Each structure stands twice: as structure tokens, then as C-alpha cells.
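Laboratory data are not the source of any read-out in this text; all were calculated from the coordinates shown. Quick caveat: nothing in here was measured; it's all calculated off a predicted structure. For neighbour counting, all protein chains shown are included, and Cβ atoms are generated from backbone atoms with ideal geometry for every residue, glycine included.
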Amino acid sequence: MAASASEKALGAKPATGAVAVLVATRKGAFLLRSDRARRSWKLVGPHFLGHIVHHVVLDPRDRRTLLVAARTGHLGPTLFRSTDLGKHWKESTRPPAFRKAAEGERARVVEHVFWLAPGHPSEPDVWYAGTSPEGLFRSEDGGQTWDPVAGFNDHPRNAEWTPPEINPTPDGPILHSILIDPRDPRHLYIGMSGGGGGVFESADGGRDWKPLNAGCRADFLPDPFPEIGQDPHCVRLHPLAPDVLYQQNHCGIYRMDRPAARWERIGERMPKAVGDIGFPITLHPRDPDTAWVFPMDGTEVWPRTSPGGKPAVYVTRDGGDHWKRQDAGLPRRDAWYTVLRQGMSADAHDPVGLYLGTTGGELWASRNEGARWTCLARHLPKILGVEAAELGR
Amino acid sequence: MKVSLATPLLSYTGKRRDVEGDGATLAELLADLDRRYPGIRFRLIDEQGGIRPHVRIFVNRVQMRGLDVALAPTDEVQVLQSLSGG
């Protein structure tokens with residue numbers, strides 16, 4: 001596919017090797033591995049059958065270490081770790097956990113680990129984890145042991161940002177979208193969905209945090225533009241143009257170009273009949289003006305299904321000025337699923353491969369940036385997360 | 001003392017459902033089990049010391065609500081799972 005002007009300017013080199021698609025489901029983890037052409041796929045799994053797996057992530061720094069965020073219906077949350085692409089697994093010896101509360105203090109318990117993020121390339125053993133309820137945790141030994149990020153979990157305003165009793169999302173309030181500025185490991189963003197949520201930024205490695213929600217609606221609150229309380233479903237930072245942020249929010253699709261600190265709603269240019277509500281947003285790995293979303297029905301009682309039962313991806317190639325429907329190969333009707341916030345991902349090939357996992361247990365892929373979709377796997381459990389990872393360059 | 005474990009915990013014990021453990025209290029017994037089977041305690045007991053919502057611990061067939069419970073070597077401890085949905 002011809003490179004855009006911004007893609008050429010950034011000078012990124014596409015990947016050419018095999019791709020792994022890491023699928024987190026309500027009943028375990030699955031791995032799909034491709035050939036170099038991404039035409040042939042092999043499904044491996046389930047790993048951890050019966051576990052609720054929210055996220056499976058391959059460390060892009062070594063392309064061998066996998067972390068899995070898991071829990072079962074009965075047991076508490078944990079993480080599993082493999083250093084050989086899933087052949088062998090070991091449990092974290094100290095999974096993410098809040099510190100023991102002092103007398104009279106709010107006592108928080110990690111219900112599940114929701115989001116995993118490898119650290120900055122200059123910090124090869126660092127990982128971050130986001131949990132439900134909202135907690136931020138850091139590992140400095142490749143995910144074997146974890147400590148609370150006190151600057152966030154014990155921030156003077158933390159109780160205001162993570163109120164336990166107000167408006168939790170159906171599966172609990174969550175901390176997600178942990179983003180690390182590739183220019184500076186101390187510059188972090190997080191997203192939170194919960195009573196006092198929104199996007200938050202740290203410029204000092206997580207010691208202090210500030211809300212970053214100006215311009216972003218919260219139409220479920222009396223003040224539609226509060227300082228906090230927004231519901232970012234998924235926030236992305238462009239890896240080659242890290243001043244460019246996108247978010248698929250409960251109240252639309254937004255973009256921010258730093259150093260500006262105001263979100264601009266770019267989803268209003270989506271077709272009115274479809275709207276700009278959804279969970280995931282995925283960025284082109286080399287072109288900061290290209291992003292894909294998977295809209296859902298956010299009207300009246302919020303069915304959260306594909307609008308009209310007709311699933312489609314929408315792509316913008318100009319930073320949100322225009323959107324194009326991409327549904328070739330997807331069901332034309334009677335498909336009432338959606339794609340959750342970490343359920344859509346892109347590889348780094350040219351053309352970019354896109355992958356989405358549905359709440360109905362189907363994994364769909366496109367080898368041509370969404371122009372045509374094929375189903376890679378059916379009859380999986382409800383898909384909670386999909387991550388595409390490069391196994392080679 | 002004898003400890004009987006629910007099936008979700010067998011991955012920690014080499015598939016053994018009945019194991020031995022020591023401790024003068026339930027808290028000590030769980031610490032001992034964690035030494036023998038690393039990681040098992042955190043799956044049962046949260047970071048604030050509470051028994052997780054879908055875990056049930058019985059001593060001599062009486063359900064315990066906390067860990068501050070004296071134990072004798074002849075006591076029988078069962079760690080069972082409650083219903084947790086589909």
C-alpha cells in the first residue's frame with residue numbers, strides 16, 4: 001500500500017516476519033501464529049482453560065516473553081509468564097496487589113488485572129499493569145514480582161479519581177490504556193473508566209498525576225465537560241509521533257495533538273446513522289493520521305451491539321476529517337456482537353494487518369488495512385482482548 | 001493436619017487434593033501451605049487478609065469467616081469453592 005506523506009516523513013520500516021495474534025477470552029488464552037505472508041494461521045490453545053483472561057501481551061523488546069492476566073471465578077487474580085512463547089509458563093511470585101491498608105484507611109483489593117503494558121525500551125524488565133478496581137502497578141523483573149505505583153494509588157486525589165461506590169462499569173471500574181512516551185520513560189498516560197475516570201498524565205515516572213480531559217464530554221453527568229469523570233474506553237498514543245493521542249470514548253472519538261491539552265471530537269464526522277460510540281481504537285503503526293474504530297450502538301438503552309446488526313470497521317486516513325466504512329467480508333446482517341476495548345489490534349506489516357475479536361467468539365483479520373476481512377477462528381469463548389505481535393522483522 | 005483442597009487449586013499441589021500443613025492458627029496454616037505450594041495463598045486470601053468471595057474454608061465442617069482461628073493438629077480443614085456463575 002502506498003505510504004502517506006506523514007508515513008514517509010516518519011521513515012518507519014514495515015515488519016515482514018510472522019505475526020502472532022494473542023487472544024484473551026472469558027475461558028482462557030489462545031495464540032494464533034502466521035506464516036510470513038499472513039495467509040496461513042495455526043491456532044494454539046487454550047492455555048489456562050477456564051480462566052478469565054483479560055489480556056495477553058508479548059514483550060516487543062525480546063519477542064519471546066508473554067504475560068497473561070488471569071483469574072478464575074473462584075480464585076484471586078494472578079499473572080502467568082512464559083519466556084518461550086507459551087511453551088512453558090510460570091506464575092508471578094508476587095502478583096499486583098494493593099498495599100495493606102492502615103486502620104481506618106480505605107482497604108482496596110485487586111479483583112482482576114485488566115491491562116498489561118511493556119515498559120520503555122530503555123527499561124527492558126519493566127512492565128506496568130492496570131487493575132480493577134483502578135490501580136497502577138509496576139514490575140522491574142519482567143513480570144515476576146509487582147509493586148504498587150504509590151504516586152498514583154496513594155495520590156492525594158486518588159479517592160476522588162477512583163471512588164469505590166460511584167458508577168462502576170459493569171465488570172468493575174478499571175485502569176487501562178497505560179501509554180509510555182517512546183521519547184521519555186517518565187512520561188506516562190493512563191485511562192480510567194469508573195466514577196472519577198478519564199485520561200491522566202504523569203511527567204515524572206508516576207510520582208504525580210494530572211487529569212487530561214479538557215474538551216472531552218461526559219454527557220452522563222450534570223456538567224458535560226467536567227475535570228474528571230469521563231469514560232475513555234480506549235486511548236492510544238502513536239509510537240512514531242507520540243504527541244498524537246486518540247481515544248474512543250463513551251462519548252465519541254477524540255484526538256489530541258500535544259502540547260495542546262484539549263481533546264478535539266473527530267467522531268462527529270462519522271455517519272450519523274452509525275455514530276461515534278464504540279470500545280476500541282487502533283492506530284496505523286507508521287501513519288499518525290490513520291486510525292480504525294469499530295462502532296457500536298450507543299442509542300437509547302445502549303445495546304452495545306453492531307449498529308443494525310451489521311458490523312463494520314471505520315477508518316480515517318486524515319486524522320478524523322473523513323471516515324470510510326470497511327465491511328467487506330464481515331457479515332452483512334444478523335451479527336449482534338461487538339468488539340471490546342482491547343479487542344482490536346494492528347500488526348506492523350505493509351499493508352497493515354488488522355485483527356478484531358468479537359464478543360461472539362470470532363476472530364477476524366484483514367491483510368489489507370481493512371479493505372477485506374476474513375474469519376480466522378470461530379466458536380471461541382467471548383473475546384476480551386486481541387494483541388497482534390511481530391515474531392520477527 | 002489434613003487439608004482438603006478444591007479442584008481449582010490442584011495445579012499448585014501436583015494434582016493432590018489432600019495435603020498436609022502445619023500451623024497453630026488458620027493464618028499460620030495458610031502461610032505454611034504457601035511455603036509448600038508457592039502462590040496458593042494469594043489465590044485464596046486477598047491483600048487485606050480477607051477470604052476471597054468465592055472461596056469457603058471449613059474447619060471440622062464449620063465455615064470460617066476469618067483467619068484468626070486456633071487450630072489443633074487433629075483438625076480437618078477443607079478449602080472449597082462456592083458457586084461463581086457461568
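For the reader, a short list of remarks on this structure follows.
- With a 10 Å cut-off around each Cβ of B:4-11, the average count of Cβ atoms from other chains is 2.
- q = 0.18, 0.22, 0.27, 0.28 Å⁻¹, segment A:111-161: log10 I(q)/I(0) [Debye, one scatterer per Cα]: -0.57, -0.79, -1.02, -1.06
- Neighbour-count ranking [beta-carbon atoms within 10 angstrom, fewest first] of A:His284, A:His54, A:His322, A:His187: A:His322, A:His187, A:His284, A:His54
- Taking all Cα pairs closer than 8 Å and separated by 6 or more residues, the relative contact order of chain A comes to 13 percent.
- Shown in residue order for segment A:338-348 are the 3J(HN,Hα) couplings computed by the Karplus curve 6.51 cos²θ - 1.76 cosθ + 1.60 at θ = phi - 60°: 9, 10, 7, 5, 10, x, 9, 8, 10, 8, 10 Hz (x for Gly and Pro).
- Distance in nm between pseudo-label sites at A:Asp84 and A:Arg106 (7 Å out along the Cβ direction from Cα): 4.4 nm
- Whole-Å semi-axes of the ellipsoid equivalent to segment A:134-175 (Cα gyration tensor, √5λ, descending): 23, 14, 5
- A crude spin-label estimate for the pair B:Arg61 and A:Trp302, with each label 7 Å from Cα along the Cβ direction, gives 4.8 nm.
- Segment A:236-393: translational diffusion in µm²/s, Stokes-Einstein, Kirkwood Rh over Cα pairs, 20 °C, 1.002 mPa s: 138 µm²/s
- Averaging the sequence gap over all C-alpha pairs within less than 8 Å and six or more residues apart, then dividing by the number of residues, gives chain B a relative contact order of 35 percent.
- Partner shielding of A:95-101 amounts to 3, given as the average count of beta-carbon atoms from other chains within 10 Å of each residue beta-carbon.
- Highest average packing first - A:213-220, A:343-350, Cβ atoms within 10 Å: A:343-350, A:213-220
- Rounded to 5, the percent of DSSP beta bridges in segment B:2-81 classed as antiparallel: 75 percent
- Under conditions of 25 °C and 0.890 mPa s, segment B:2-81 yields 199 µm² s⁻¹ as its translational diffusion coefficient, taking Rh as the Kirkwood radius over Cα pairs in the Stokes-Einstein equation.
- Residue-span extension gain [A:Ala37 to A:Glu227] - 0.36 nm each, minus C-alpha spacing: 63.7 nm
- Computed from the Cβ-Cβ distance with R0 of 30 Å, the FRET efficiency linking A:Asp318 to B:Ser11 stands at 0.05.
- Cα gyration tensor shape of the protein assembly as shown, rounded if a/c is under 1.5, else prolate or oblate by comparing a/b with b/c: prolate
- B:Val69-A:Thr145 FRET efficiency (beta carbon distance; Förster radius 22 Å; 0.05 resolution): 0.15
- Length added when fully stretched, A:Val44-A:Cys375, from 0.36 nm per residue minus Cα-Cα: 117.6 nm
- Projected label distance in nm at A:Leu391 and A:Arg64, using a 7 Å step from Cα toward the beta-carbon: 1.5 nm
- Ranked by how many other beta carbons lie within 10 Å on average, peptides B:38-49, A:323-334, B:56-67 from highest: B:38-49, A:323-334, B:56-67
- Along the axis of the charge dipole computed for the protein assembly as shown (Cβ charges of +1 for Lys and Arg, -1 for Asp and Glu, origin at the Cα centre), the listed residues A:Gly198, A:Trp364, B:Leu33 are led at the positive end by A:Trp364.
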